[in-house]
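Working notes, structure below.
Every number here is computed from the coordinates shown, using simple stated rules; none is lab data. Quick caveat, the model's predicted, so the values are computed rather than measured. Reconstructed Cβ throughout: ideal geometry from the backbone, glycine too, with neighbour counts over all protein chains shown.
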Amino acid sequence: MSEMTEASVRADVRAWLEANWNPDYSLIEWRNRLVDSGWGAPHWPTEWFGRNLPAGLVPVVQEEFNRIGAVGVAKVGIRVLAAATILEHGTDLQKKKFLRPSLTGEEAWCQLFSEPGSGSDAAGAVTRADLKGDHWVVNGQKLWTSGAQKADWGLLLARTNWDKTKHAGLSYFIIDMHQPGVTVQPLKQMNGHATFNQIFITDAVVPADMLVGREGGGWAVTNTTLMHERRSADGLRSWALGSDKPGRVYEEERAEIAVALAPYKWYPNRAGRVELVVPRAQELGKLDDPVVRQEIARLMILSKSAEWTARRARSAQEQGRPQGPEGSLGKLAASHVARAAARVHTLISGADALLTGSDGAMNGTIAEILVSVPATSIAGGTDEIQRNIIAERVLGMPKEASVDTDKPYRDVPRNIAG
């Protein structure tokens with residue numbers, strides 16, 4: 001087999017696109033062709049819809065897609081985390097069943113980790129799964145689950161052994177969200193949106209072959225999902241934008257993106273909307289205020305530092321290097337940037353920042369920023385969790401004393417009875 005080079009990869013993908021790309025295909029028809037070719041996820045193994053392409057050459061493929069205006073595989077939502085996790089830990093049966101529709105976008109996913117009594121401590125899950133013959137029976141409650149109301153499948157963390165320690169008794173499952181016993185209820189947020197849900201699970205059934213990894217090995221699988229989530233949660237995410245070009249495939253992609261991102265339209269506001277700060281200060285004549293100028297300078301330094309950290313992380317990923325501390329560093333930096341932006345917006349807009357609707361600054365956008373920013377410090381692992389990770393795994397500091405990791409979990413005091 002000849003060595004892959006940038007020139008050879010570029011020539012191969014360009015030739016394939018020129019021979020196969022047709023904007024009049026349906027979105028699903030085109031993506032199935034793309035999946036079969038291996039160019040949709042070229043860094044994946046050849047036996048699972050990829051081409052074993054080194055990570056450093058993946059941007060070359062994207063450049064050729066961009067050059068011709070070709071649509072790629074589905075990249076919106078939890079399906080991306082599901083695919084990455086299943087690719088690393090799943091059985092051949094699971095890969096065969098789920099990887100293709102994750103790339104074509106035919107199935108939607110959600111992540112069932114957080115619970116009412118454990119917050120960001122995912123390992124404190126008390127949702128239980130009991131093996132009954134050839135299937136598991138699941139009972140419990142999950143919280144802060146985005147996209148659950150539209151999900152076909154869920155990534156479920158549940159406790160399968162109460163006599164083992166906290167992390168050792170967990171297992172990771174794929175659960176059918178449409179079955180009886182799974183009830184999804186939207187949660188109304190203080191910014192008026194309802195992106196998240198609580199899920200009540202009562203005697204839901206999970207076939208034995210939907211266990212991901214080994215029984216009791218759920219925490220390792222969960223860390224894979226969280227690693228990929230944090231990598232994309234640095235506050236600098238590029239939001240999916242459909243092409244405005246004519247053609248059936250473009251029209252259907254625009255519709256897909258609109259539906260997928262509708263619950264998340266406030267997400268740019270939770271990041272603080274740094275790009276609005278200078279224009280707002282200019283508009284209201286606040287650039288000559290020395291206090292405002294100092295806070296703007298502080299914000300821009302934080303924002304640029306976070307951006308460069310994220311770029312280093314992406315560069316390392318493209319070169320095939322393993323995930324380092326950049327995910328947690330970027331996540332924590334995003335929280336600092338968001339809070340600093342909220343402070344500057346308040347300094348610039350004054351009392352108008354508190355008004356919603358047409359009476360408020362920028363028709364209420366600034367007010368929505370203020371009530372949305374706290375989410376950045378919570379979602380994807382709280383700031384406290386990220387600080388612990390950085391302290392222990394990056395700086396090598398001693399772990400915080402724990403009272404729940406060295407005894408059977410049934411003996412650990414909890415907020416909710418197991």
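By counting other Cβ atoms within 10 Å of each Cβ, how are LEU156, LEU34, LEU226 ranked from fewest to most?
So the ranking, lowest neighbour count to highest, is LEU226, LEU34, LEU156.
Per residue of the chain, what 222 nm ellipticity follows from adding -39500 (n - 2.57) for every DSSP H run with n ≥ 4, rounded to the nearest 500? Walk me through the intermediate numbers first.
Numbers: 13 runs with 168 residues, N = 418.
Dividing the helical sum by the residues of the chain leaves -12500 deg cm²/dmol.
For a quick check: with amide H placed at 1.01 Å from N, whose amide H comes under 5 Å from ALA204's, ignoring anything fewer than 5 positions away on the same chain?
VAL138
Return the subset of LYS75/LYS95; LYS150/LYS188; LYS132/LYS407; LYS304/LYS331; LYS166/LYS407; LYS75/LYS265 for which the Cα-Cα distance in this structure is over 19 Å, preserving the input order.
Listed pairs above 19 Å: LYS132/LYS407.
Can you list the HN-Hα couplings for region 144-154, worked out from phi with the Karplus curve (6.51, -1.76, 1.60; θ = phi - 60°), rounded to whole Hz and with x for Gly and Pro?
Using θ = phi - 60°, the values come out as 6, 9, 7, x, 5, 5, 10, 6, 8, 9, x Hz.
Can you work out ³J(HN,Hα) from phi for every residue in region 80-89, in order, using Karplus 6.51 cos²θ - 1.76 cosθ + 1.60 and θ = phi - 60°, giving whole Hz and x for Gly and Pro?
With coefficients 6.51, -1.76 and 1.60, one gets 5, 5, 4, 5, 4, 5, 5, 4, 7, 10 Hz.
Which of these, GLY285, GLY154, GLY181, has the largest mean-square fluctuation under a Gaussian network model of the chain (Cα springs below 10 Å)?
GLY285
Under the rule of at least 5 residues apart or a separate chain, name every residue whose amide H is placed under 5 Å from the amide H of VAL212.
Correct list: TYR172, PHE173, ILE174.
Using Stokes-Einstein with the Kirkwood hydrodynamic radius over Cα pairs, what translational diffusion coefficient do you get for the chain at 25 °C and a viscosity of 0.890 mPa s, in µm²/s rounded to a whole number?
After rounding, the answer is 105 µm²/s.
Each residue of region 361-372 in order: what ³J(HN,Hα) in whole Hz does its phi give by Karplus 6.51 cos²θ - 1.76 cosθ + 1.60, θ = phi - 60°, with x for Gly and Pro?
Per-residue couplings from phi come out as 4, 6, 6, x, 4, 5, 4, 5, 4, 4, 8, 9 Hz.
Based only on the alpha carbon positions, what is the Kirkwood hydrodynamic radius of region 322-418, in angstrom?
Value: 16.4 Å, from the Cα pair sum.
Excluding VAL403 itself, what net charge comes from residues whose Cβ is under 11 Å from its Cβ, given Lys and Arg +1 and Asp and Glu -1?
Around VAL403, the charge tally is -2.
For region 151-211 and region 43-86, write down the distance between their C-alpha centroids in whole Å.
Spelled out, the Cα-based centre of one part sits 28 Å from the other.
Quick check for me: using +1 on Lys/Arg Cβ and -1 on Asp/Glu Cβ, what's the dipole size of the chain about its Cα centre, in debye to the nearest 20?
640 debye
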